[in-house]
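Report on the structure given below.
The values are calculated or read from the model by the stated rules, or taken from the named source; none is laboratory data. Model, not experiment: these values are computed from the prediction. Note: ideal-geometry Cβ built from the backbone for every residue, glycine included; neighbour counts use all protein chains shown. Keep in mind that these areas ignore ligands, DNA and RNA; they rest on the heavy atoms of the full protein, side chains included. Shrake-Rupley method; radii C 1.70, N 1.55, O 1.52, S 1.80 Å.
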Amino acid sequence: MTDTTTPGMVIVGAGHCGGRAAQALREAGWTGTIHLIGMERHLPYERPPLSKELLTGEKTAGACQLRSAQALIDDGVRLHTQRVSALDTARRCITLANGQVLPYHRLLLATGGSARCLDIPGADLPEVLTLRTVDDALLLSQRLGAGRHLLVVGGGFIGLEVAASARRAGMAVTLVEGAPRLLGRAVPADIAARAQALHQAHGVDLRLGVLPTAIVPRQPGGVRVQLNDGSHVDADTVLVGIGMKPATALAHAAGLTVAQGIVVDAGLRTSAPEVFAAGDVAEFPGPLSGLPIRQETWFNAETQARVAAHNMVGGHEVVHQPPWFWSDQYDHQLQVCGEPAMGTHTVVRELGDGDRIAFHLDAQERLVGMSAWGLAPRCLKEVKLARLLVERRINARPADLHDPAVKLKALAASTAVLT
């Protein structure tokens, strides 16, 4: 029987970050109780397949799981499918929706977030979906298929990856984005333009600078979406991919410092003693800039879960690796590493056949970020080396970064490493 009276490690949020943190606590030597609390019916899972392989049928929901049920049992992790109704940092306990009270030795908030929804008439129709969870992906996958029409609202990563998956399924796709370009500020305009060209080449009807204003049912099925340019789109399904809202309500109600997420230091400690936060919900100091950032990425969930777990058992680790994420669209991949916004100038290395890496440098010629785009199998080796250069925070001559004849591997071996 699980001991619920002796304070143990409590993790609120049974997603990727929470699930990995539970594993990392055992690896870090914690032998006491671990409670992992989430509201989904699924075991902790990785999110990248939700907009791709799970939609196209190349993966099952089970294949997205972080670990098996037996692995959790073997680690003695007690999984609660419950909502947490209250956090009392003075008494160091949480209360579940069923009334059960769990005292904690240390607490990790890995609460993630929820998909943003449209605030227009008709946004609650059953044909209008979002994509955040496995169940969301399973529902959307049932509506993909040849001869149907999908309208995607939002030209960010989720919207573009779903558009690519729907085209692979033989579906007509229209994508509307309110901004004048795709991918917002996440990537340079040049790479966004290449992503746009790729989607158009695959037959996606892209409409930039356009927003939906209303959605109405259409007979005999589907919906009609009115746009602010006076036009409309008839579709069988609407996928809204306009970002996520970090789940900060529990932390806010408990008096923790909350801004764009739950505010933590470089060791992922919140403003409350013995309470940590990690993953999508945590706002942490950027490893390069020191400025507060929040990352909704696989890499962030992996790295912060391990840092938080180590510190929960008394360690003193900090988040030091630069942010990194990727996006697969058709046969191309986009990668961004570091904090490109810190750059004062950019040097582009052409890899041939349209593949390229943009290096972002600050005024002291220190490499602070890289953005890459190209055919996935062809460019990955060079992109991996470029990422290594950013992680090592090197100084490099712009001419060397630009010249494909200068090997990136040689630069990694020879250039000075800054601390």
Checklist entry - Which whole-Hz ³J(HN,Hα) couplings does the stretch 251-266 yield from phi under the Karplus relation 6.51 cos²θ - 1.76 cosθ + 1.60, θ = phi - 60°, glycine and proline marked x? => result 5, 4, 5, 7, x, 6, 6, 10, 10, 7, x, 6, 6, 10, 8, 5
Next on the checklist: How charged is the neighbourhood of residue 17? Take every other residue with its Cβ under 11 Å from the Cβ of residue 17, and add Lys/Arg as +1 and Asp/Glu as -1.
Outcome noted: -1
Next on the checklist: Could you compute Rg(Cα) / (2.2 N^0.38 Å) for the stretch 1-107, with N its residue count?
Outcome noted: 1.14
Checklist entry - Considering only protein heavy atoms, what per residue accessible area in square angstrom results for the stretch 260-356 with a 1.4 angstrom probe? => result 37 Å²
Next on the checklist: For the chain, I need the span (max minus min coordinate) of the C-alpha atoms along each principal axis, in Å, sorted largest to smallest.
Outcome noted: 66, 60, 37
Checklist entry - If you take the Cα Rg of the stretch 315-419 and divide it by 2.2 N^0.38 Å, with N the number of residues, what do you get? => result 1.04
Checklist entry - Of all the stretches in the chain, which is the longest one without any exposed loop site, taking trypsin sites (Lys or Arg not before Pro) in a DSSP loop (any state but H, G, I, E, B) with at most 12 other Cβ atoms within 10 Å? => result 186-419
Checklist entry - When the distances between all Cα atoms of the stretch 251-398 are binned every 10 Å from zero, what whole-number percent does each bin get? => result 12, 36, 30, 17, 5, 0
Checklist entry - Using heavy-atom solvent-accessible surface (probe 1.4 Å) with all chains present, what is the largest-first order of 73, 191? => result 73, 191
Next on the checklist: What percent of all Cα-Cα pairs in the stretch 96-216 falls into each 5 Å bin, going from 0 up to the bin containing the maximum distance?
Outcome noted: 2, 9, 17, 19, 17, 13, 7, 4, 5, 4, 2, 0
Checklist outcome for this item: Mean accessible area per residue over the stretch 124-192 (1.4 angstrom probe, all protein chains present, square angstrom) is 38 Å²
Checklist entry - Heavy-atom accessible area of residue 383 with all protein chains present, probe 1.4 Å, nearest 10 Å²? => result 0 Å²
Next on the checklist: Can you compute the equivalent ellipsoid semi-axes for the stretch 304-354, i.e. the square root of 5 times each eigenvalue of the Cα gyration tensor, sorted largest first and rounded to whole Å?
Outcome noted: 33, 16, 7
Checklist entry - Which lysines does residue 245 reach when only Cα atoms under 25 Å apart count, and residues fewer than 8 places away in its own chain are ignored? => result 52
Next on the checklist: Just to be sure I understand the model, the point goes 7 Å from the Cα along the line to the Cβ. What's the resulting residue 348 to residue 181 distance in nm?
Outcome noted: 1.1 nm
Next on the checklist: If I take every Cα pair under 8 Å that is 6 or more residues apart in the stretch 1-107, average their sequence separation and divide by the length, what percent do I get for the relative contact order?
Outcome noted: 34 percent
Next on the checklist: Let me check against my output: what whole-number percent is the relative contact order of the stretch 225-361, with C-alpha pairs under 8 Å and at least 6 apart?
Outcome noted: 14 percent
Checklist outcome for this item: Under Stokes-Einstein, the stretch 20-70 at 37 °C and 0.692 mPa s, with its Kirkwood radius over C-alpha pairs, diffuses with a coefficient in µm²/s of 261 µm²/s
Checklist entry - Of the accessible area of the stretch 98-232, with the probe set at 1.4 angstrom, what percent is carbon plus sulfur? => result 51 percent
Checklist outcome for this item: Expressed as a percent, the accessible surface of the stretch 1-87 that is carbon or sulfur, using a 1.4 Å probe and the full set of protein chains, is 50 percent
Checklist entry - Can you give the Rg to Rh ratio for the stretch 158-259, taking only C-alpha atoms and Rh from Kirkwood? => result 1.07
Checklist outcome for this item: In order over the stretch 43-57: 3J(HN,Hα) from phi, Karplus 6.51/-1.76/1.60, θ = phi - 60°, whole Hz, x for each Gly or Pro, gives 5, x, 9, 8, 8, x, x, 4, 9, 10, 4, 5, 6, 8, x
Checklist entry - Counting DSSP beta bridges in the chain, what percent are antiparallel, to the nearest 5? => result 60 percent
Checklist outcome for this item: Here the tail fraction of P(r) beyond 13 Å, over all Cα-Cα pairs of the stretch 55-106, rounds in percent to 70 percent
Checklist entry - Can you give the net charge of the other residues whose Cβ lies under 13 Å from the Cβ of residue 166, counting K and R as +1 and D and E as -1? => result +2
Checklist entry - How high is the relative contact order of the stretch 302-419, in percent, counting Cα pairs under 8 Å that sit 6 or more residues apart? => result 20 percent
